[in-house]
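Everything on this sheet refers to the single structure shown next.
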Amino acid sequence: MGDKIIDPQSEEMKFKPSESFAKNANISDPEIYKKAEEDLEGFWGELAEDINWFNKWDTVLEWKPPHSKWFTGGKLNASYNCLDANIEKNGDKPAIIWEGEMGDIRKYTYEELLEETSRFANVLKKIGVKKGDIVTIYMPMIPEIVIAMLACARIGAPHSVVFAAFSGEALCNRISDAKSNLVITCDGYYRRGKVVSQKHKVDEGLICCGQVKDVIVVQHANNDIVMSEGRDMWWHDLMEKTDTKCDSEVMDSEDMLFLMYTSGTTGKPKGIVHTTGGYMVGTHISTKWIFDLKEDDIYWCTADCGWITGHSYLVYGPLSNAATILMYEGAPDYPDKDRFWDIVEKHKVTILYTAPTAIRTFMKWGTEWPEKHDLSTLRLLGSVGEPINPGAWLWYHENIGHGKCPVVDTWWQTETGMIMISALPGITTTKPGSATRAFPGIDAVILDEKGNELEPGQDGLLAIRKPWPSMVRTVHGDEQRFIDTYWSKWDNKTYFAGDGAKMDYDGYFWIIGRVDDIIQVSGHRIGTAEVESILVGHSAVAEAGVVGKIDEIKGEAIWCYVTLKTGFEETEELKTELIKHVAKNIGPFARPKMLIFSDDLPKTRSGKIMRRVLKAIANGAETGDVTTLQDPDVVTTLKEKTAKAQSI
Ligand code: WT7
């Protein structure tokens, strides 16, 4: 992000855990790293005792690279672990504190959440959902999204949550791939004081998705919608006469818990498959150790349930630890720029987990907003989604944590299911900008293209050599893609993360960013190919090259270089139309920041667009060797066009 890499040896840039934090931390003995390294299976086996099993496992790990099975023979249920297991001790305690954008507040105790979940699980059964059926959930941040997820888990129907801001078309692609025939949604939700009609997008999306038989609709924003007779049902009607007792299905440790679609390097998103036992062990323990989660914490993860962070660190990890989770429906600047700090003060939030993009936005807005509020209840801060620059880290530490809260920068992915690299706040001395060390038992290394381990200080590729419980099991319906994407880079047993990184002399990781054709916009993963295929889907576009450009606030922004078909003119109107076309087809969060017309794009002699060159041009960096280009002159033209576009 333009910040100088901080000298790892410089003392003032290190933050040691305070004695009082370390003394009370859930984990404070550094021996844990050694213990995990010496006996990986023993380590995970012991930790697995921390969750509830109906039947204990026979074997901790079966590793037939790249396939792993964890806790085989074990039987459990994720919803049971998040709800029933907490009732005896914490039944009366709030599980969810929800705040709507309009200021309304709803609370559910563990007892109530269990009742609502069981009731909805019975609704699902009544309409014919069976164990193994994939249910699509397309809802904003309202309590019902958690209830729906846990109800699916309860009856053994894997959920596929599609981020609410995706378009109807993106929804349809994911429904078709999952072969899902039930969608759970709502009428609408609030965003910056306006109602977004969610149901309208469902109706659009389902035009091309004939297999969907049932749609359950939560009434939330009371906007006008059309209910399609025979297909659409109101959540409240279904819940009204339904029983609140529903036993948890006995699930095998390796049964699928959920599917989560994520962007890859081709236009088609991948359905990442996560299973039950390993995922629950991984998220439960990492939540407990990294966020130091205690039963009296009010824990706020600002991620949406539509992404993996919402799954692992808003729902499954925290609830299985009997925490109180805070959920907020809306935007951070509604009605004003202190909404987050108002929430922290009002609900006495103790742990805050958010993204660098948000932190940089708060920095831009200025310290007067957090200063208006009492943030003294905070005791730990987390960051996730993209590299956090030291400046933002320090600002967060100083202005939100008032210098007393450890900051955990957590590196992980949809595919890893759990945090892989992070400080353990009672043990690790942190360095702003570094995600610090691999979690105990996680064998992360920096390799070169050939698979050789690199020396500290050298830039390379982040890889993981040993399996871990919450790892991706396959890509839904596309086993070959699973192997090609993550395993075939080296030896079919080392996981290729797709990130560039380096390690310093203390063994700390510094993540640089994606090395593949994926853009991380505000921590949301978007494939360049996905955007390109949408652009070329427009009747005016002949070719498109899409790259990530470093962005002060969002980490990266989407930049498009577009060649038009003959007969189309390069006008401002068309530019706006194409930008809108992308936003409409994927979702508003994927709106390109810049679109530049060009008669030619940098191509190899075989005609492949060289995104590496485009990316360098967009970022004003050295283009490197361009001799393999069909027409090296195109680089000069594009540089001029880019400079011109930026000056406007
Ligand atoms: C990619 C995974 C993990 C939940 C959110 C995103 C980037 C994530 C960090 C971090 C540097 C990070 C990586 C990774 N990333 N966390 N702490 N420091 N980069 O999940 O959509 O699967 O994206 O996000 O590039 O590969 P995702």
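The values are calculated or read from the model by the stated rules, or taken from the named source; none is laboratory data. This one's a predicted model, so the numbers in the text were calculated from it and none came from an experiment. Don't worry about glycine lacking a Cβ; one is built from the backbone with ideal geometry, like all the others, and counts go over all protein chains shown. Note: accessible area is taken over every heavy atom of the protein model, side chains too, but ligands, DNA and RNA are not part of it. Shrake-Rupley method; radii C 1.70, N 1.55, O 1.52, S 1.80 Å.
Data table
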| item | result |
| --- | --- |
| Qualifying residues in the stretch 495-513 (those that are near the ligand (Cβ under 8 Å from one of its atoms) and buried (at least 19 other Cβ atoms within 10 Å of the Cβ)) - the one farthest from residue 410 (Cα to Cα) | 498 |
| Every residue from the stretch 612-644 that is surrounded by fewer than 18 Cβ atoms within 10 Å (Cβ to Cβ) and part of a loop (DSSP other than H, G, I, E, B) | 619, 620, 621, 622, 624, 625, 626, 627, 628, 630, 631, 632 |
| Residue list for the stretch 457-494, filter: open to solvent by 20 Å² or more (accessible area, probe 1.4 Å), of a type outside the set (S, T, N, Q), farther than 30 Å from residue 175 by Cβ and modelled with pLDDT of 95 or more | 465, 466, 489, 490, 491, 493 |
| All positions within the stretch 394-439 that are more than 30 Å from residue 37 (Cα to Cα) and buried (at least 24 other Cβ atoms within 10 Å of the Cβ) | 396 |
| Top-ranked residue in the stretch 166-215 [being assigned to a strand (DSSP E or B) and hydroxyl-bearing (Ser, Thr, Tyr); ranked as surrounded by the most Cβ atoms within 10 Å (Cβ to Cβ)] | 185 |
| The stretch 396-434 - residue that is of a type in the set (D, E, K, R) and within 9 Å of the ligand (Cβ to nearest atom) and, of those, farthest from residue 495 (Cα to Cα) | 409 |
| The stretch 235-250, subset under 31 Å from the mean Cα position of the chain (by Cα) and free of Cβ contacts under 8 Å to residues at least 60 places away in the same chain, residue surrounded by the most Cβ atoms within 10 Å (Cβ to Cβ) | 247 |
| Pairs, first within 22 Å of residue 395 (Cβ to Cβ) and free of Cβ contacts under 8 Å to residues at least 40 places away in the same chain in the stretch 407-427, second near the ligand (Cβ under 7 Å from one of its atoms) and open to solvent by 10 Å² or more (accessible area, probe 1.4 Å), C-beta under 9 Å, six or more apart | 409/384; 409/387; 409/511 |
| Selection within the stretch 435-446 - more than 9 Å from the ligand (Cβ to nearest atom) and either farther than 28 Å from residue 361 by Cβ or within 19 Å of the chain's Cα centre (by Cα) (or both) | 437, 438, 439, 440, 441, 442, 443, 444, 445, 446 |
| Where residue 232 falls short, out of the listed (1) open to solvent by less than 60 Å² (accessible area, probe 1.4 Å); (2) among the acidic types (Asp, Glu); (3) within 30 Å of residue 59 (Cβ to Cβ) | (3) |
| Output for the stretch 251-264, where each listed residue is surrounded by fewer than 24 Cβ atoms within 10 Å (Cβ to Cβ) and more than 17 Å from the chain's Cα centre (by Cα) | 252, 254, 255, 256 |
| Subset tally (residues that are among the acidic types (Asp, Glu) and under 12 Å from residue 602 (Cα atoms)) for the stretch 626-648 | 2 |
| Qualifying residue in the stretch 155-177 (condition: within 16 Å of residue 233 (Cβ to Cβ) and either in contact (Cβ under 8 Å) with a residue 40 or more places away in the chain or of a type in the set (Asp, Glu) (or both)) | no |
| Residue match in the stretch 122-133 (condition: under 25 Å from the mean Cα position of the chain (by Cα) and open to solvent by 10 Å² or more (accessible area, probe 1.4 Å)) | yes |
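Results for (1) in contact (Cβ under 8 Å) with a residue 60 or more places away in the chain; (2) away from the ligand (no atom under 15 Å from the Cβ); (3) not assigned by TED's automatic domain parsing to the domain that holds residue 90, shown as yes or no for each residue.
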| position | (1), (2), (3) |
| --- | --- |
| 315 | yes, no, no |
| 335 | yes, yes, no |
| 340 | no, yes, no |
| 353 | yes, no, no |
| 373 | no, yes, no |
| 382 | yes, no, no |
| 387 | yes, no, no |
